[in-house]
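*Asks:* Dumping the structure here so I can ask a few things about it.
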Amino acid sequence: MRILIVAEHDEKSPKPSTFNAITAGLALAPKVSVLVAGSKTQVVADILSKTNGVETVLTAEAPELAHQVA
């Protein structure tokens, strides 16, 4: 099974909920992938790429994604 986590972040660092989701995903699969969407994603993507159990970090970067709304 493949697990995809959508990262919640402030363009500087992942929020704790992202790490909680990664932990939950790792209970279901040995590795997870994370999607980082926003207008500035590289810093967050770099942090997540070094997180234990994260196999792949995908980014979607566009100015329209700057203001995350639930």
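The values are calculated or read from the model by the stated rules, or taken from the named source; none is laboratory data. As the structure is a prediction and not an experimental result, all values here were calculated from the model. So basically every Cβ, Gly included, is an ideal-geometry build from the backbone, and we count neighbours across all protein chains shown. Accessible surface areas use protein heavy atoms only, side chains included; no ligands, DNA or RNA. Shrake-Rupley method; radii C 1.70, N 1.55, O 1.52, S 1.80 Å.
*Asks:* Could you tell me whether any residue of segment 13-31 is modelled with pLDDT under 95 and more than 10 Å from the chain's Cα centre (by Cα)? Spell out how you get there, then give the answer.
*Replies:* So in segment 13-31, the residues modelled with pLDDT under 95 come out as none.
The answer is no, given that none of the residues of segment 13-31 is modelled with pLDDT under 95 and more than 10 Å from the chain's Cα centre (by Cα).
*Asks:* Enumerate the pairs (first residue in segment 45-60 and open to solvent by 70 Å² or more (accessible area, probe 1.4 Å); second residue anywhere and among the basic types (Lys, Arg)) with beta-carbon separation below 7 Å, excluding pairs fewer than 6 apart on the same chain, so at least 6 apart or on different chains.
*Replies:* Close Cβ pairs (under 7 Å, with a partner that is among the basic types (Lys, Arg)) amount to 55/31.
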